[in-house]
1. Sort out for me the Cα centre separation of the stretch 546-595 from the stretch 58-106, rounded to whole Å.
2. If you project the alpha carbons of the stretch 89-152 onto their three principal axes, what span does each projection cover, largest first, in Å?
3. Spin-label point model (7 Å from Cα, Cβ direction): what's the Gln594 to Ala327 distance in nm?
4. If one computes the Cα centroid of the stretch 198-250 and of the stretch 603-647, what distance in Å separates the two points?
5. Return the sequence-ordered ³J(HN,Hα) values of the stretch 390-403 in whole Hz as given by the Karplus equation 6.51 cos²θ - 1.76 cosθ + 1.60 applied to θ = phi - 60°, using x for Gly and Pro.
6. Count charges around Leu525 for me, please; just the other residues with Cβ under 10 Å from its Cβ, Lys/Arg as +1, Asp/Glu as -1.
7. How long is the stretch 41-108 along each principal axis, judged by its Cα atoms, biggest number first, in Å?
8. Find the relative contact order for the chain and round it to a whole percent, using C-alpha pairs within less than 8 Å whose residues are 6+ positions apart.
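We did not get these values from a lab; they are worked out from the coordinates using the rules stated. Predicted model only: the values in this text are computed from it and were never measured. Cβ sites come from the backbone with ideal geometry, for glycine too, and all protein chains shown count toward neighbours.
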Amino acid sequence: MNTTTNRAADNIRILAASMVEKAKSGHPGGAMGGADYINVLYSEFLNFDPDDAEWVNRDRFFLDPGHMSPMLYATLSLIGKYSMEDLKNFRQWGSITPGHPEVDVKRGVENTSGPLGQGHAMAVGAAIAERFLVARFGEWMAHKTYAFISDGGIQEEISQGAGRIAGTLGLANLIMFYDSNNIQLSTKVDEVTHEDTAKKYEAWGWQVITIDGNDAAEIRQALKVAQEEKERPTLIIGHTLMGKGAVGANEEDFSNKVSTHGQPLSAAGASFENTVANLGGDPQEYYAQVLEEKRAQAKQKKAEQAAWEKANPELAAKFHRFMSGEAPAIDYKAIAHKANIATRQASADVLVTLAQEVENMIVSSADLSNSDKTDGFIKGGARNLVKGDFSGKFLQAGVAELTMAAICNGIALHGGIHVACATFFVFSDYMKPAFRLSALMQMPVKYIWTHDAFRVGEDGPTHQPIEHEAQLRLLEKMQNHAGKMSMLALRPADAAETSVAWKMAMENTETPTALVLSRQNINDLPAVTDRYTEALKAEKGAYIVQKNGENPKVILIASGSEVATLIDAAKLLLERKGIASQVVSAISEGLFRQQPTAYQEEVIPASTPHFGLTAGLSVTLEGLVGCNGKIHGVNHFGYSAPAKVLDEKFGFTGEFVYNEICEMLGK
């Protein structure tokens, strides 16, 4: 039926196909098939303020299949967020319409998407954030989170965790459209899977509605039913036509073809010109009317907020403080630690305080809270987030590291909440796609990774991280699009440094932070005055822990638990050989390299021999040790044995290190 609504959807199809055609690159077919849904959603259901894109109580739309960006850009152009020139520059250098969307809230892009599956997991996080805030401020600020997922996202393993968690929590504020068109990039879906997606989501506790995804009336009715649901998230399975409206040179139907998925229509064998003529489109006044309705709706919602703020001034001040994203004021020095404890335990001490003093914080663990010691947050009074009660602050994610991290990205994207997640360092491998997006999106998620080295011991090489710190520190070397270090990676050397590391993490509101923590106890580092005060020097990335002579003959460099081993070796060097040394704790190489050259030279003088000690790959310290010295690392997989046995076998004792330094110096 050639209604105004359908012609508006055809406009989206034409624009999407045109963008890809001009760029000679992209994915037109899915965008053409999904146009009917996104058109009805944006024009009739999504609450937003056309004049205030960052309005905190707007509905959120999370795109999962980033390759369908032409659909999103085309829709946003109809509401005034992109010009025709912007669309013409799709996928070009300097363009604000990149091939896969990058978060840009002012233009209506809520999330960076591309790696399939992560976008809808972020939507789960945003929906959790909304419920968390509503539990504290009231239903006046309730809003919906909409997600759009494709066959690929459904197939990605992350969908299991996202579906399970959303269903378990009863996120009725989450509505997801599944663009089910039976076409993938290189084959048809029914050649890949025969699963019953509806039953799968129903088993997770979702409401499932199946419709013709190209029928505006069915889309409209499904969204109405979804909005009325109070107990469950909703999955709308929309059966759509890939490349809807595409035709060939002889007007033959080119929809439902694999060829239109990932290339311009002309390259797929269709006729771009005939397709544009076939679609028609061009309802000039439709979205002008839509925008006026959206302005009226937003004005009403903002009036409700103003009335609430007037009646609740203290809560209103707290609400604005939450949404500002500012770091909380915490007296980290006052946090007490027992002597010589593992840094994971020191982290637990800090988390007790954060639970008590930071109201707007969520911590999550992948079924390891009693081992990664995020249970400190629980001991501090944080209860679990559960269906029907979001007054808690702890998210039990289950064994789903990647999902957990992506959800935390979504919580951060929503705004108003500090968020951290935890597991063993070796399982950061599962999380890499998500923390890479944290870095790209500049989201200040805190990653707590414990059991940081081979001293995991008896669990053996599957659980002993070796190469992981080197991998992580690469993100310190890589700049984000703001020209800043894309991730702050911190490996504290003792309890005091752990308090400082948490201070640095909470005050870092611009990028993600990693806290890499030990399983085993570590001797507290020596201090001339107050250990916490001296540990504050870690805020420069590296600092001198001990200098036991006026003219050190060797600079000893490490991070984490290896610093204490260097202290032991330094003592032996002085006692047995009279060799003075300078011990450096390098909690973050990336941060250290941002310091003035004079400071760097003071801490690690270039002309003095260097010795580096790392429980990871030797390459981890190459940037600090350089050519003037030696690195003792672990350049092989670990073994199953008690931690102290491994220290002996791998050479991580004061005695062994002392001998290596003497050999290096020829003493």
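1. The distance from the Cα centre of the stretch 546-595 to that of the stretch 58-106 comes to 51 Å.
2. If we take the Cα atoms of the stretch 89-152, the spans are 44, 28, 12 Å.
3. The modelled label-to-label distance comes out at 1.0 nm.
4. Measuring centre to centre over Cα atoms gives 55 Å.
5. 9, 7, x, 9, 10, 9, 7, 7, x, 7, 7, 4, 5, 4
6. Values: positive: Arg531; negative: Asp494, Glu497, Asp524, Glu534.
That sum, taken over residues with Cβ under 10 Å, equals -3.
7. Here the spans come out as 33, 23, 20 Å, largest first.
8. Reported relative contact order: 12 percent.
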